[in-house]
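Have a look at the structure below before the remarks.
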Amino acid sequence: MRRLIECVPNFSEGRDPAKVDAIVAAMSSVPGVYVLDREMDADHNRSVITLAGDPDAVAKAALLGTGKALELIDLTKHTGAHPRVGATDVLPFIPIDGVTIEDCVALARRVGNEIWKRYRIPVYFYEAAAMRPDRVNLENVRRGQFEGLREELKKNHNRQPDVGEPKVHPTAGVTVVGARKFLIAYNVNLNTSDVSIANKIAKAIRFSSGGLRYVKAMGVELKARHLAQVSINLTDFEQTPMHRVYEMVKREAERYGVVPVGSEIVGLIPKKAIEMAADFFLQLENFSPAQVFENKLADALSGAPLEVAKDGKLAVLARPFLDAVAAPTATPGGGSVSAFAGALAAALGQMVAGLSRKKKSQAAYVDQLSVALDEIRHTADELAEAIDRDAASYDAVLAAFKLPEGDAQETRQREEAIQAAMKGAAEVPLQVAERAIALFERLGQLETIVAASMRSDLQVARLMAGAGARGALANVETNLEGLSDAAYVASLRRKVAALQERLGNAPRATCA
């Protein structure tokens, strides 16, 4: 299986192209590593490089880039609008294909230790790789910047690095290494040079100040352009999409008599994020990513089955899954069917919201329906993915039971494998139940704003979401019976009880 990760090192140099060229050359010299993008910003005095490739090759490239930055960048002579604590300031690893976030955590820890071993640069770990809860957020690690951290380490033991001596490297500072999901660096420029306004807007939209989930933001002065900028990081663009952030920045800016004059992407962005923004702003009716030419062509070239035309033969689409469920095999089974029921509910919910928002009678609710459509589409994707994940988790249980049980060591290893697989088989339907119940509740919130002609479809969607949730919870209970970890079982049973209470307290959907 192909294994692919992304790495997006941030270097504290954005004004000298020769230095950035040298850093990029060092990293691109590693076979199997692809430099997909490079961004330089003079105001920020920072460059962002996007690498992709095999995990081990990318790790090697990241280390070489860190070493070259050590040679070329002196933080004692560095100034710029963007906060920084290191010559190689941030080094995140992102899973793309055939790699889990846990794999990236292990890689981050290995690279962090190697940075100290090779270059004597102290290292902090952040996001999923954080070793302390207060270091999950990058801004906490970077508080005080290079100069402040250099002084605080002399007296504050609590800020000691995770790897290395409790003092910064004299010229390279420290490096913050982590593992995270795909991040979008997105900036909105304002028609004012007053950075205090940008800071107020940033405070209003960022999660740490009570704003949008998965949003980090700060105000930055772009002196060369005489503009103030709201500099934003979106840590989960599917949960909090780019277009929703832009709309909130625009709305907050109006309070201070300013408007956005443009926005920019730093580095690369997933195509899905652009598709989501296009759908939101254009209010496309019944939009699907399958309508994008490049997506359809990629499916055709990969050999994936193409979508059947809407000619009434819908059973052709459903038949393969129905046949797979009907076959006399253990998977796909009840867990996959529960996820499929939830996905169908989300799909029907999308139809209801999408058709309702084009009705003149619902014109006052267009924005609310667009936001709901965006959220439900994300839930549909998650539940659709869970259909295969549930089957795979139970296949892992079956495989564990087939392990040999000859001597004591084999017996112990088999039992450990069974217990690990059973936990996975319990956790997938638990996630399905959580998503399906949240969907059930979200659909209920739409009852007063959807078109009257769509209410029966909405009721069917809620019935399907409830069925998917109940089926998934039944699967959790079944899989818990084979587990010996009493504390783990008790923890999951508490979660199941809480979910059952949410589902039981909600008014049941009924079709008139």
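Just so it is clear, none of the values below were taken in a lab; they were calculated from the coordinates. Worth saying up front: this structure is predicted, and the values here are computed from it rather than measured. Here the Cβ is made from the backbone with ideal geometry for all residues, glycine too, and neighbour counts use every protein chain on show.
The C-alpha atoms of the chain define a longest principal axis, and helix 293-302 lies at about 80 degrees to it.
Sort out the exposed loop GluC sites (Glu not before Pro) in the chain (DSSP loop, at most 15 other Cβ within 10 Å) and tell me the longest stretch that has none. All intermediate terms of the calculation are to be shown ahead of the outcome.
Details: sites that count: Glu285, Glu307, Glu405, Glu447, Glu481.
No qualifying site falls inside 1-284, the longest such stretch.
Placing a label point 7 Å from the Cα of Met131 along the Cα-to-Cβ direction, the residues of segment 159-187 with a backbone N closer than 19 Å are 159-169, 173-180.
Length available on full extension from Ala490 to Glu441: 0.36 nm per residue minus the Cα-Cα distance, which gives 15.1 nm.
Taking neighbour Cβ counts within 10 Å as the exposure measure, how do Arg377, Arg493, Arg2, Arg414 sort from fewest upward? Display every interim value, and only then the final one.
On the way: Arg377 22, Arg493 13, Arg2 8, Arg414 17.
Ordered from fewest to most neighbouring Cβ atoms within 10 Å, Arg377, Arg493, Arg2, Arg414 come out as Arg2, Arg493, Arg414, Arg377.
Put a dot 7 Å past the Cα of Leu36, heading toward its Cβ, do the same for Thr448, and the two dots end up 4.4 nm apart.
Between Asp103 and Glu427, the modelled label-to-label distance comes to 1.6 nm, taking each label 7 Å out from Cα in the direction of the beta carbon. In sequence order, segment 382-394 has phi-based couplings of 5, 5, 5, 5, 5, 4, 6, 5, 5, 4, 5, 5, 6 Hz under the Karplus curve 6.51 cos²θ - 1.76 cosθ + 1.60, θ = phi - 60°, and Gly or Pro positions carry x.
P(r) of segment 406-473 in 10 Å steps, Cα pairs, percent per bin? Pair shares across the bins are 20, 30, 19, 14, 10, 6, 2. Annotation: for a label point projected 7 angstrom from Cα along Cα→Cβ of Asp381, residues of segment 90-133 with backbone N closer than 16 Å are 95-97. Taking other C-beta atoms within 10 Å as the exposure proxy, His82, His44, His157, His169 rank His157, His82, His169, His44 from fewest upward.
Our Cα-only numbers for segment 312-505 put the radius of gyration and Dmax at 19.5, 73 Å. Each of Val176, Ser209, Gly144 was scored by the projection of its Cα onto the charge dipole of segment 143-232, and the greatest displacement toward the positive side belongs to Ser209; charges sit on the C-beta of Lys, Arg, Asp and Glu.
Between Glu415 and Ala290, what is the FRET efficiency for a Förster distance of 51 Å, r being their Cβ-Cβ separation, to the nearest 0.05? Mind dumping the intermediate values first?
Numbers: r = 45 Å, r/R0 = 0.89.
So, using R0 = 51 Å, E works out to roughly 0.65.
Over segment 184-273, with a single point scatterer placed on each C-alpha, what log10 of the ratio I(q)/I(0) does the Debye formula yield at q = 0.11, 0.16, 0.17, 0.24 1/Å? Debye intensities relative to I(0), on a log10 scale: -0.26, -0.55, -0.62, -1.19. Across segment 365-376, coupling constants 3J(HN,Hα) worked out from phi with the 6.51/-1.76/1.60 Karplus curve, θ = phi - 60°, read 10, 4, 5, 5, 5, 5, 5, 4, 4, 4, 5, 5 Hz, and Gly and Pro carry x.
With a sphere of radius 10 Å drawn around the Cβ of Lys200, what net charge do the other residues whose Cβ falls strictly inside it have (Lys, Arg +1; Asp, Glu -1)? Around Lys200, the charge tally is 0.
Would you please classify the overall shape of segment 4-179 from the alpha carbon gyration tensor, given that a ≥ b ≥ c denote the square roots of the eigenvalues, rounded means a/c under 1.5, and beyond that prolate means a/b larger than b/c while oblate covers the rest? Oblate, because a/c is 1.5 or more while a/b does not exceed b/c. Against the compact-protein benchmark of 2.2 N^0.38 Å, the Cα-based radius of gyration of the chain scales to 1.08.
Picking from Gly349, Tyr394, Pro95, whose Cα lies most toward the positive end of the charge dipole for the chain (charges on Cβ: Lys, Arg +1; Asp, Glu -1)? Farthest towards the positive pole: Gly349. Fully extending the segment from Ala399 to Lys271 would add 42.4 nm, taking 0.36 nm per residue of separation and subtracting the current Cα-Cα distance.
Ordered by the count of other Cβ atoms within 10 Å of each Cβ, fewest first, Thr76, Thr411, Thr88 give Thr76, Thr411, Thr88. Using unit Cβ charges (K, R positive; D, E negative) and no other charged atoms, how large, in debye to the nearest 20, is the dipole of the chain about its Cα centre? Dipole size: approximately 1200 debye.
Using the Cβ-Cβ distance between Tyr256 and Asp407 with R0 set to 60 Å, the FRET efficiency works out to roughly 0.25. At a Förster distance of 35 Å, what's the computed FRET efficiency of Thr478 paired with Asp16, Cβ-Cβ distance as r, to 0.05? The pair Thr478/Asp16 has a calculated efficiency of 0.05. Database remark: amide H of Asp89 closer than 5 angstrom to the amide H of Asn10, Phe11, Ser12 (H placed geometrically; neighbours at sequence offset of 5 or more, or on other chains; Pro and chain starts carry no H).
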